[in-house]
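Nothing in this text is a laboratory measurement; each read-out follows from the coordinates by a stated rule. Source: prediction; values computed, not measured. All Cβ positions, glycine included, derive from the backbone under ideal geometry; neighbour counts span all protein chains shown.
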Amino acid sequence: MESRVATSAASPLAVLRPGSLTAYWRFQRAVAKAQLRAWLPAGRRLLIDISGPAASGPAQAAASGHAVVRVVPVHPGPRGAGQHPPPLGRIAPVVAEPGSLAFLADGCADGIIAEDSALSRQLMAEDLAGEIARVLRPGGTVLASVDSLVLGMAILAEQHHWAHLTDLPHAEVVLIPWPDGTITRCFGPAQLYDLLTEAGLEVTSIRPRTVLSPSTVDHVLRQQPGAMARLVRAELQAAQDPVGVSAGEAFGIRLVATARKPSTG
């Protein structure tokens, strides 16, 4: 049975599509780029990108001098996927099953970008988290974003699934249907922390993608259309405040986590 989601401007889901909150959506993309820039490792490294097709991370990382292997379900060009790492500062697309890193050797990557809710698109996110840990070299890091419980609750509320909504905060695994028939797996900070640590990674941070509210962003940009850069700096400054694993439950349609593979020896 097909589910339908309301598209009113007052809806929390309006943040995910054009509408009255378009300014906030632009702000969120700008923040994501700034967070990726802050995460990128020093020097020139081999990075694996398993983000969705709309993610701009691969181009940003390549522009910083890194070699990027981008996992895609459909190859964007006629050139076949190579068997060797791409030249530094270049992007090499590799056709693979979404969520599968089986073609990569153990400990081959310096970093993994799992933006655009890559882990949420895999119902068995534990398997993908384990693959991320396997592929990372000791000391390697991952940047990942997931759909949050806040988003899941908003979708269920707009679908009038009140009984499911009541049980959602206590569920170990939260699967939410979208109108197009896809399913997203939503996480709270504690669930995301457990997912990464059980895969053998050391979590360094878990935060909402943005702390500033859509109404705040909209108000500032209406008054000062050129204030986007200042808003992004304010967001990054706010993110430096300590946030515990259980914090951030009440806001943020997406969570962003950084983690590292423990060094050996």
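Return the percentage of antiparallel bridges among DSSP beta bridges fully within the stretch 96-227, rounded to the nearest 5 %.
So the antiparallel bridges in the stretch 96-227 amount to around 35 percent.
All other residues with a Cβ under 13 Å from the Cβ of ALA96 taken together, and with Lys, Arg as +1 and Asp, Glu as -1, what is their net charge?
Numbers: positive: ARG70; negative: ASP49, GLU97, GLU131.
Once positives and negatives cancel, what remains is -2.
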